[in-house]
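Everything on this sheet refers to the single structure shown next.
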Amino acid sequence: MTTADGTVLGTTKIADSGPAARRWNLVITGDGYTGAQMGRFADDARSFADTLLATPPFDSLRDAVNVYRVDVRSTDSGAADPAECGGSAAAPRTYFDASFCTNGARRLLAVDDTTVLTLAGDQVPQWNMVIVAVNSTVYGGSGGSVAVYSLAPGANEIALHEIGHTAFRLADEYDYYRGCGVDTDRDRHPFFEPAQPNVTVDADRATNKWRDLVLPATPMPTTSNPDCSQCDTRPSPVPAATVGAFEGAHYHHCGAYRPQFDCRMRALGHPFCAVCTEQIRRTLQPYLAARED
Ligand SMILES: [Zn+2]
């Protein structure tokens, strides 16, 4: 279970908006793909890049983005899936040691970050963000210094969510850790302001950090969870595009707020909310401005 369990084959630029020195360079590599599966990895990387560049707000920022595919062959197919999280106990030999069940949560799929970061720097010295596609259909992903996603149904959606963490410093907007009805230690968020731009402990319209996007007619907070021992499962009382302060966010039922009822950082399949969209734009805009240099 080391880099002895695979080989780096090479790098291909699969989305080209200009020289690496002036663009935001995303690197995608794969774990748990055997030599015979490299064609599949190329297809998966292509599918991811096409989805990314067609998804708002990336669709209007695509001239800022390059995507590089780094082919890495693993000895075995798949990812480790520990039995202690209810997995199959599979333990394939893969280059980046991808494994589910990080911190005891099966959905948390992680890799050896150091190996990934070293590879990115070697292959694309001007890399800005690196994501690893893991050749398993078990649901999972993570977004630390490296973004990771599996090939479960909706794989590209998982990837977009994890990129939100890794590249844009966005927090999870959902209100559970292991699951609604499972967690017993997620009733109330600690009273400190999270650094991430899309979650807050402050629902006061005078001081809330995304208050510029909140209309005067929108109540603050917009929703309050009536039972802090549970996830709030009621439907939204306001139209979907409303920016306010919705209680239940950042792994806690109460005491933390998210900007819109739904967002890709809360549940897959929803667009990024206005606050997340603005953060992505702010990060990528400078690479557009450099275009005419
Ligand atoms: Zn959001």
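Observations
- Of residues in region 179-226 being touching a residue at least 60 places away in the same chain (Cβ under 8 Å) and not in a loop (DSSP other than H, G, I, E, B), the one farthest from the ligand (Cβ to nearest atom): ARG188
- The residues listed here are THR94, THR102, THR118, THR114; of these, the one that is over 21 Å from ILE14 (Cα atoms), over 20 Å from the mean Cα position of the chain (by Cα) and not charged (D, E, K, R) is THR94.
Results for (1) among the hydrophobic types (A, V, I, L, M, F, W, C); (2) crowded, with 24+ Cβ neighbours inside 10 Å, shown as yes or no for each residue.
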site: SER229; (1), (2): no, no
site: VAL243; (1), (2): yes, no
site: GLY248; (1), (2): no, yes
site: ALA256; (1), (2): yes, yes
site: PRO259; (1), (2): no, yes
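- Test: residue in region 63-78 that is of a type in the set (A, V, I, L, M, F, W, C), open to solvent by less than 60 Å² (accessible area, probe 1.4 Å) and out of contact with any Leu (no Cβ under 9 Å at 6 or more places or on another chain): no
- Only residues that are in a strand (DSSP E or B) and touching a helix residue (DSSP H, G or I) at 6+ places or on another chain (Cβ under 9 Å) were counted in region 109-137, giving 5.
- When residues of region 1-35 are limited to those that are in contact with a Ser or Thr (Cβ under 9 Å, 6 or more places away or on another chain) and among the small types (Gly, Ala, Ser), the one most open to solvent (accessible area, probe 1.4 Å): ALA4
- Scanning region 133-159 for residues that are open to solvent by less than 30 Å² (accessible area, probe 1.4 Å), among the hydrophobic types (A, V, I, L, M, F, W, C) and touching a residue at least 24 places away in the same chain (Cβ under 8 Å) yields ALA133, VAL134, VAL146, VAL148, ALA155, ILE158, ALA159.
- Those residues of region 243-282 which are more than 10 Å from the ligand (Cβ to nearest atom) and among the aromatic types (Phe, Trp, Tyr), in sequence order: PHE246, TYR251, TYR257, PHE261
- Reported count of residues in region 174-193, each being open to solvent by 100 Å² or more (accessible area, probe 1.4 Å) and at pLDDT 95 or above, is 2.
- Meets criteria (modelled with pLDDT of 95 or more, open to solvent by 40 Å² or more (accessible area, probe 1.4 Å) and not aromatic (Phe, Trp, Tyr)) for ALA206: yes
The values are calculated or read from the model by the stated rules, or taken from the named source; none is laboratory data. Since this is a predicted model, take the numbers as computed values, not measurements. Counting neighbours? That spans all protein chains shown, and the Cβs are built from the backbone with ideal geometry, glycine included. Accessible surface areas use protein heavy atoms only, side chains included; no ligands, DNA or RNA. Shrake-Rupley method; radii C 1.70, N 1.55, O 1.52, S 1.80 Å.
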